[in-house]
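The values are calculated or read from the model by the stated rules, or taken from the named source; none is laboratory data. Source: prediction; values computed, not measured. Glycine also receives a Cβ, built like all others from the backbone with ideal geometry; neighbour counts cover every protein chain displayed.
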Ligand code: SF4
Ligand code: SF4
Ligand code: SF4
Ligand code: SF4
Ligand code: SF4
């Protein structure tokens, strides 16, 4: 199964068209003046191959923003779990986002596993797209070791001059390429080009912050009283953007939406944000995290401290979305740098 | 469940929020199946002095308004404030930035001003208890239906105390700040599904502010983006003047 294929750029239009005919094809497209979003495409001209991380990560296909999970009829005492999935090819997923999907897979397959997520995931085929250079200055994928793919895809494409080299990682990926009937096995020349590019990448991507990856966990573990949380407290607006755009944030709320006949209704799961004030509020009005600084600290701990204890893995992919989206310019790189300074 | 009788009332406003309800289309039929409308000036001529639910549009701006709203409160078991004028004072609150006498002579002229008594603009809850708030200028129809369902079941409804940005991000809009524009989304209460931004406009803050208005942080952002302070204060005041100093609902 493991093999390398080549696709010449001249054939890219044809490639996209054929992919779109097989099943729903989703790829990065331009959204607004400077942003990108994953959306359905049918032709190569819709696709932005050169894109910075999309506004929302591909997690929206695995756990949609609003997802009906139960439908009911009260009088009939009828309750039905809604298990919906759609066959999708997710094209052009950067390696940082592949890591994000891997994190979510861990969480949702942990017991008790989340059938809604798992059923969707089973029918999503992932074609990754490697970055040969940095997207922008917000990325920390070098530090987090996500500038290269560490699995989590069916096919991975690497752009090299006049062609793409495609790594086939799963049987599903192999079958899809078989159906397209247009890609050939990679020749020695293509493999040399690939190796050359990977070598160059070693120089381009360096840890963006002066710390070893394994030191991040102890750094955060000891940072509960750090002053940086006070200064973040002053700056943060609690808008929730940083968590909604994060590829590894998965918190949700479930809302009951009843019809006007007050009998039929549905339960809808909606993304929630730990940055909103009511998130940690309980009955009686007590709030476990009433302070904005404390809420931000919690967000960071959920990336660099707690998941490491539970899954032995950092839940920050280094995609830079949280810093990119923050109008208060709270920046993940600067936060970590300040913590390092404080510790000295 | 016995259908509740519902009456609509308007105070100082443009009646645009009632118009929103009248314009619901098919959904209105479902609503009318669930309630018994006994008074709704924009769509019917019948009147009634008895009702379970009073839906109030508009702000309280005259001594007569105060008397009238108190009577309504005594009659109704449930009071719903409809639209920003009723829920936060809204546009009418701009009056509170000026001296009352100046406002009176500006509007009615030196001769007319003594015939019309006026008081500072108040939201409905600043005079009587309000059970449900439907924010927005105009109201966002799906939210009105949602709140009506809560009211008819007698369940408490609280507008989630989070920013419009939350909904805006879920709709995957490009942020206005990214486009070099400014937007009141981060300090405005969600619930409208980021209505304006979805259509390419900025948020004007029509739903009122989140509880924890982060003043220092907001000023910081304004400075960072080189936005003139009086411009933003003008935007704040446009909807929020009447309730600026109180605990937000
Ligand atoms: S995006 Fe920025 S301002 Fe908004 S909650 Fe996150 S850190 Fe705070
Ligand atoms: S914390 Fe920020 S940089 Fe890390 S994965 Fe989340 S959005 Fe990306
Ligand atoms: S963060 Fe790294 S892997 Fe992700 S898009 Fe940017 S350069 Fe690519
Ligand atoms: S456009 Fe406005 S509401 Fe949307 S994220 Fe940006 S600041 Fe928030
Ligand atoms: S986006 Fe802002 S101005 Fe527009 S309806 Fe919502 S709260 Fe009002």
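Considering only the stretch A:114-147, how many residues are outside any loop (DSSP other than H, G, I, E, B) and surrounded by fewer than 17 Cβ atoms within 10 Å (Cβ to Cβ)? Working first, answer last.
Restricting attention to the stretch A:114-147, the residues satisfying the condition of being outside any loop (DSSP other than H, G, I, E, B) are A:115-122, A:124-129.
Filter again for surrounded by fewer than 17 Cβ atoms within 10 Å (Cβ to Cβ), leaving A:115, A:118-119, A:122.
Result for the stretch A:114-147: 4.
Only a single criterion out of (1) more than 14 Å from ligand 1 (Cβ to nearest atom); (2) farther than 25 Å from residue B:123 by Cα; (3) buried (at least 23 other Cβ atoms within 10 Å of the Cβ) is not satisfied by residue B:181, namely (3).
In this structure, does residue B:144 turn out to be assigned to a helix (DSSP H, G or I) and closer than 20 Å to residue B:89 by Cα? Step through it out loud before you land on a result.
Values: assigned to a helix (DSSP H, G or I): yes; closer than 20 Å to residue B:89 by Cα: yes.
Here the answer is yes, as residue B:144 does meet what is asked.
Applying the condition of being closer than 19 Å to residue A:202 by Cβ and out of contact with any strand residue (DSSP E or B) (no Cβ under 7 Å at 6 or more places or on another chain) to the stretch A:113-139 and asking which residue is farthest from ligand 4 (Cβ to nearest atom) yields A:133. The single condition among (1) part of a loop (DSSP other than H, G, I, E, B); (2) within 14 Å of chain B (Cβ to nearest Cβ) that residue A:256 does not meet is (1).
Looking across the stretch A:63-85, the residues that are touching a residue at least 24 places away in the same chain (Cβ under 8 Å) and within 14 Å of chain B (Cβ to nearest Cβ) come down to A:63, A:65, A:66, A:67, A:74, A:75.
The set of residues in the stretch A:305-324 that are surrounded by fewer than 23 Cβ atoms within 10 Å (Cβ to Cβ) and either more than 14 Å from ligand 2 (Cβ to nearest atom) or assigned to a helix (DSSP H, G or I) (or both) comprises A:306, A:307, A:308, A:309, A:310, A:311, A:312, A:323.
Mind telling me which of the residues B:139, B:147 ends up being in contact with a strand residue (DSSP E or B) (Cβ under 7 Å, 6 or more places away or on another chain), modelled with pLDDT of 90 or more, closer than 30 Å to residue B:28 by Cβ and within 14 Å of another protein chain (Cβ to nearest Cβ)? Quick ask: steps written out before the conclusion?
Numbers: B:139 fails: within 14 Å of another protein chain (Cβ to nearest Cβ).
Going through B:139, B:147 in turn, just one is in contact with a strand residue (DSSP E or B) (Cβ under 7 Å, 6 or more places away or on another chain), modelled with pLDDT of 90 or more, closer than 30 Å to residue B:28 by Cβ and within 14 Å of another protein chain (Cβ to nearest Cβ): B:147.
Just to be sure, is residue A:311 farther than 21 Å from residue B:169 by Cβ, in contact (Cβ under 8 Å) with a residue 40 or more places away in the chain and more than 12 Å from every other protein chain (Cβ to nearest Cβ)? The answer is yes for residue A:311. Among the criteria (1) within 16 Å of ligand 1 (Cβ to nearest atom); (2) buried (at least 18 other Cβ atoms within 10 Å of the Cβ); (3) more than 21 Å from the chain's Cα centre (by Cα); (4) in contact (Cβ under 8 Å) with a residue 60 or more places away in the chain, the one residue A:279 does not fulfil is (4).
Looking at the stretch B:1-74, what strands (runs of 3 or more DSSP E) fall wholly within it and have at least 2 residues that are within 14 Å of chain A (Cβ to nearest Cβ)? Spell out the reasoning first.
On the way: elements: B:4-10, B:35-39, B:53-57.
Once the strands (runs of 3 or more DSSP E) in the stretch B:1-74 are filtered for at least 2 residues that are within 14 Å of chain A (Cβ to nearest Cβ), what remains is B:4-10, B:35-39.
State whether one or more residues within the stretch B:204-214 are within 16 Å of ligand 1 (Cβ to nearest atom), more than 11 Å from chain A (Cβ to nearest Cβ) and in contact with a strand residue (DSSP E or B) (Cβ under 9 Å, 6 or more places away or on another chain).
Keep residues of the stretch B:204-214 that are within 16 Å of ligand 1 (Cβ to nearest atom), which gives B:209-214.
Checking the rest, the ones that are also more than 11 Å from chain A (Cβ to nearest Cβ) come to B:209.
Filter once more, keeping what is in contact with a strand residue (DSSP E or B) (Cβ under 9 Å, 6 or more places away or on another chain): B:209.
So far as the stretch B:204-214 goes, yes, one or more of its residues are within 16 Å of ligand 1 (Cβ to nearest atom), more than 11 Å from chain A (Cβ to nearest Cβ) and in contact with a strand residue (DSSP E or B) (Cβ under 9 Å, 6 or more places away or on another chain).
Checking each residue in the stretch B:83-122 for being touching a strand residue (DSSP E or B) at 6+ places or on another chain (Cβ under 6 Å) and in a loop (DSSP other than H, G, I, E, B) picks out B:83, B:89, B:121. For residue B:192, the criteria (1) more than 18 Å from residue A:271 (Cβ to Cβ); (2) away from ligand 1 (no atom under 14 Å from the Cβ) hold in every case but one, which is (1). Among residues of the stretch A:166-193 that are within 17 Å of residue A:93 (Cβ to Cβ), those with a beta-carbon under 6 Å from a residue that is at pLDDT below 95 at least six positions away or on a different chain give the pairs A:168/A:3; A:177/A:183.
This table checks each residue for (1) within 15 Å of ligand 4 (Cβ to nearest atom); (2) in a loop (DSSP other than H, G, I, E, B); (3) under 25 Å from residue B:131 (Cβ atoms).
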| position | (1), (2), (3) |
| --- | --- |
| B:156 | no, yes, yes |
| B:159 | no, yes, yes |
| B:191 | yes, yes, yes |
| B:197 | yes, no, no |
| B:204 | yes, yes, no |
| B:207 | yes, yes, yes |
| B:226 | no, yes, no |
| B:234 | no, no, no |
| B:237 | no, no, no |
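All conditions but one from (1) within 11 Å of chain B (Cβ to nearest Cβ); (2) in contact with a helix residue (DSSP H, G or I) (Cβ under 9 Å, 6 or more places away or on another chain) apply to residue A:226; the one that does not is (1).
Would you pick out the residues in the stretch B:191-201 that are within 23 Å of residue B:242 (Cα to Cα) and either in contact with a strand residue (DSSP E or B) (Cβ under 6 Å, 6 or more places away or on another chain) or more than 8 Å from ligand 5 (Cβ to nearest atom) (or both)? Passing the criteria: only B:192.
What do you reckon, is residue A:182 more than 16 Å from ligand 4 (Cβ to nearest atom) and modelled with pLDDT under 95? Give the derivation first.
Working: more than 16 Å from ligand 4 (Cβ to nearest atom): yes; modelled with pLDDT under 95: yes.
It is true that residue A:182 is more than 16 Å from ligand 4 (Cβ to nearest atom) and modelled with pLDDT under 95.
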